[in-house]
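Below you'll find the structure, written out as structure tokens, and then a few comments.
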Amino acid sequence: MKNYLIVGGSRGIGKEIVNQIPENSTIHVISRSGYSGERKNVTNYLIDVTTEDFPEIDNIDHLIYCPGSIQLKPINSLKIEDFQADFDINVLGAVKAIKQYHRIIKRQKGSIVLFSTVASKIGMPFHASVAASKAAVEGLGKSLAAEFAPEIRVNVIAPTVTDTDLASHILRNEKAREATADRHPMKQFLNPSDVAALALFLTSDNAKAITGQIIGMDAGIGSIK
Ligand SMILES: NC(=O)c1ccc[n+]([C@@H]2O[C@H](COP(=O)([O-])OP(=O)(O)OC[C@H]3O[C@@H](n4cnc5c(N)ncnc54)[C@H](OP(=O)(O)O)[C@@H]3O)[C@@H](O)[C@H]2O)c1
């Protein structure tokens with residue numbers, strides 16, 4: 001039986017991860033509003049990861065850190081506070097979680113999955129703040145993969161637009177949804193359940209040789225024309 005901690009498991013990709021976690025697992029969710037889906041036996045911890053301490057949890061095999069941001073503004077409109085807020089939620093929240101739980105995960109020989117964005121790989125207008133923070137997440141993931149090997153695997157998923165609350169302003173109407181799909185080589189954006197499946201694959205034994213990777217899930221936009 002494996003023990004999963006999903007930070008940000010109440011909505012979006014994190015909620016889909018919780019829904020897909022193998023049966024007979026222990027599931028812990030940290031978020032501000034709590035997981036309220038179909039899965040039973042989920043332990044909720046209501047915490048704002050930017051301002052509060054993480055709870056004591058005895059057993060964790062796999063930590064998946066989902067909270068993030070998409071704050072798209074031209075540099076003239078981006079305040080220093082915007083950069084700080086993006087760094088707090090994307091980077092320092094993950095750092096706090098890893099500092100709190102890495103000894104337990106090490107004991108279990110488990111794994112950590114973090115989230116970046118395709119906008120850290122290819123320059124996109126108005127993404128300066130989020131791209132800077134997510135590039136930091138990628139550096140954090142690779143560095144800790146080296147530090148924690150061979151006990152803990154650490155990988156980062158870099159998705160393109162995914163149909164969650166976070167991207168609702170990008171996918172705001174049918175025309176915007178079509179335009180978003182159309183600018184990807186595979187003519188689609190992502191479904192949160194597909195991203196969740198990749199995250200859980202990375203925690204599984206089938207991924208036992210995968211660590212220190214930034215894995216693009218981006219309908220081709222990060223690599224091909
Ligand atoms: N959606 C996209 O298009 C997209 C694209 C590229 C990368 N990503 C990345 O993928 C990851 C998941 O994205 P998503 O679309 O699933 O995001 P989402 O829909 O906004 O869900 C974020 C989750 O994190 C929790 N959360 C947010 N702020 C929190 C805080 N301060 N304290 C505790 N929990 C907090 C939310 O729960 P509560 O509100 O209940 O706290 C929610 O469960 C993020 O890192 C994001 O940057 C997403």
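Overview of results
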{"read-out": "Tilt relative to the chain, helix 93-108 - C-alpha long axis, 0 to 90 degrees, to 10", "value": "40"}
{"read-out": "Eligible aspartates and glutamates near residue 142 by straight Cα distance, threshold 16 Å, same-chain separation 8 or greater", "value": "151"}
{"read-out": "Sorted peptide list for 186-197, 76-87, criterion being average Cβ within 10 angstrom, highest first", "value": "186-197, 76-87"}
{"read-out": "Cross-link table 121/175; 79/134; 15/225, entries beyond 29 Å C-alpha to C-alpha", "value": "15/225"}
{"read-out": "The chain, helix-only ellipticity at 222 nm - DSSP H runs n ≥ 4, -39,500 (n - 2.57), divided by all residues, nearest 500", "value": "-10500 deg cm²/dmol"}
{"read-out": "Principal axes of region 3-217: Cα extent on each, largest first, Å", "value": "46, 35, 34"}
{"read-out": "Prolate/oblate/rounded label for region 1-66 (Cα gyration tensor, a/c 1.5)", "value": "oblate"}
{"read-out": "Computed magnitude of the charge dipole of region 137-221 (debye, nearest 20; Cβ of K, R +1, Cβ of D, E -1)", "value": "160"}
{"read-out": "Residues listed by number, region 109-125, amide nitrogen under 19 Å from residue 75 label point at 7 Å toward C-beta", "value": "119-125"}
{"read-out": "Rounded to the nearest 20 debye, dipole of region 3-217 from Cβ charges on Lys, Arg, Asp, Glu", "value": "340"}
{"read-out": "Signed unit charges on C-beta, dipole axis of the chain, positive-most listed residue 191, 20, 207", "value": "207"}
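Coordinate-derived values only; no laboratory data. If you're wondering where the values come from, they're calculated on a predicted model, not measured in any experiment. Don't worry about glycine lacking a Cβ; one is built from the backbone with ideal geometry, like all the others, and counts go over all protein chains shown.
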